[in-house]
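Report on one structure; see the data block that follows.
The values are calculated or read from the model by the stated rules, or taken from the named source; none is laboratory data. Everything numeric here is computed off the predicted structure, so don't read it as measured data. Positions of Cβ are backbone-derived with ideal geometry, glycine not excepted, and every protein chain shown enters the neighbour counts. Calculation scope for accessible area: heavy atoms of the full protein, side chains included, ligands and nucleic acids excluded. Shrake-Rupley method; radii C 1.70, N 1.55, O 1.52, S 1.80 Å.
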Amino acid sequence: MTTPALWRDLRRFTDARVGLGRAGTAQPTVAHLDFQEAHARARDAVWSALDVAALEASIARPVLRVRSAAADRREYLLRPDLGRRLAEGSTLPAAPGCIALVVADGLCATGVQRHAPGVLDLLVPALPLPAAPIVVAEQARVALGDDIGAAMGAAAVVVLIGERPGLSATDSLGLYITWAPRRGRTDAERNCISNVRPGGMSYADAAAKTAWLLRAAAALGATGVALKDEMPATALPAP
């Protein structure tokens with residue numbers, strides 16, 4: 001069955017799977033095979049690993065390395081709780097009053113490898129407080145930033161982490177901002193900026209939004225549901 005023109009027009013503006021057509025009661029073969037390929041790419045992205053040496057070389061600042069309590073990728077995926085805690089014996093320098101910046105593999109190391117250095121280049125100069133040495137964390141969940149920020153005595157932590165890959169994007173970066181980090185903070189106490197990638201939010205917009213939220217958090221003394229994103233909107237780009 002031919003896809004109606006209205007659906008074909010809509011597909012020009014979204015990566016979502018809309019207007020796929022049908023073959024009897026099923027999807028067309030091309031759409032089915034495309035779905036299988038996208039699903040395989042998403043699974044591969046979950047198992048991707050950081051090339052830490054290359055990442056360090058692309059970050060123009062001192063970098064520290066840490067790991068979570070998860071021993072390997074399999075344990076990381078099966079035991080999310082271990083990805084939220086620093087490995088025993090981890091040591092980090094004190095950085096009171098600074099903003100801790102954590103680059104974490106998360107559920108898509110590919111996105112971190114590609115996009116974190118570019119975001120950091122724009123974010124660090126815009127921070128309202130001094131930046132602590134950047135920490136690269138392997139087998140890390142978002143909440144590992146709480147352990148790292150607390151160990152450094154940081155005023156706030158920003159975790160740049162690979163987001164769960166989807167069928168349309170397997171290289172998305174997210175930023176999670178937590179004021180006064182400590183173990184036990186919940187997601188309701190964080191602000192999130194999502195979908196940072198060429199097909200989503202730009203590096204410049206992500207850095208500007210993060211800096212604005214940090215300035216507001218410093219004035220309020222809190223992040224999460226207590227901090228409303230009232231950053232003035234910018235004009236939409238011309239078509």
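Observations on the model:
- Antiparallel DSSP beta bridges within the range 39-198, as percent of all bridges there, nearest 5: 45
- Backbone amide hydrogens, once placed in the peptide plane, bring Ala104 within less than 5 Å of Ala137, Leu160, Ile161, Gly162, excluding anything fewer than 5 places away on its chain.
- Helix-only mean residue ellipticity at 222 nm for the chain, each DSSP H run of n ≥ 4 adding -39500 (n - 2.57), per residue, nearest 500: -10000 deg cm²/dmol
- Shape call, the range 77-161: gyration tensor on alpha carbons, a/c limit 1.5: oblate
- Rolling a 1.4 Å probe across the protein heavy atoms gives the chain an accessible surface of 52 Å² per residue.
- Antiparallel bridge percentage (DSSP; both residues within the range 86-173; nearest 5): 10
- Alpha-carbon centroid distance for the pair the range 206-226 / the range 77-120, whole angstrom: 19
- The accessible surface of the chain, taken with every protein chain in place and a 1.4 Å probe, is 55 percent carbon and sulfur.
- Summarising the amide proton neighbourhood of Arg141: residues at separation of 5 or more, or on other chains, whose placed amide H is nearer than 5 Å comprise Arg84.
- Couplings 3J(HN,Hα) for the range 17-23, derived from phi with the Karplus relation 6.51 cos²θ - 1.76 cosθ + 1.60 (θ = phi - 60°), are 8, 10, x, 7, x, 7, 10 Hz, where x marks Gly and Pro.
- The range 52-229 shape via C-alpha gyration tensor axes, a/c threshold 1.5: rounded
- For the range 209-215, putting each phi into the Karplus relation 6.51 cos²θ - 1.76 cosθ + 1.60 with θ = phi - 60° gives couplings of 5, 5, 4, 5, 5, 5, 5 Hz, in residue order, rounded to whole numbers and with x for Gly and Pro.
- Extreme residue, positive dipole direction of the chain, given options Gly200, Gly19, Leu122 (C-beta unit charges): Gly19
- Between helix 29-46 and the chain: long-axis angle, C-alpha atoms, 0 to 90°, nearest 10: 10
- For GluC sites (Glu not before Pro), the sites in the range 85-181 that DSSP calls loop and that have at most 16 other Cβ atoms within 10 Å are Glu88.
- In this structure the amide hydrogen of Met201, modeled in the peptide plane, comes within under 5 Å of the amide hydrogens of Val196, none closer than 5 places in sequence on its chain.
- In Hz, Karplus ³J(HN,Hα) per residue of the range 59-76 (6.51, -1.76, 1.60; θ = phi - 60°; x = Gly, Pro): 9, 8, 8, x, 10, 10, 10, 9, 9, 7, 6, 6, 6, 8, 5, 4, 5, 4
- Note on the chain: with charges restricted to the Cβ of Lys and Arg (+1) and Asp and Glu (-1), its dipole about the Cα centre is near 300 debye.
- Longest DSSP-loop-exposure-free segment, trypsin sites (Lys or Arg not before Pro), the chain, at most 14 other Cβ within 10 Å: 23-181
- Residue separation of Asp229 and Phe13 scaled by 0.36 nm, minus their Cα-Cα distance, works out to 75.1 nm of gained length.
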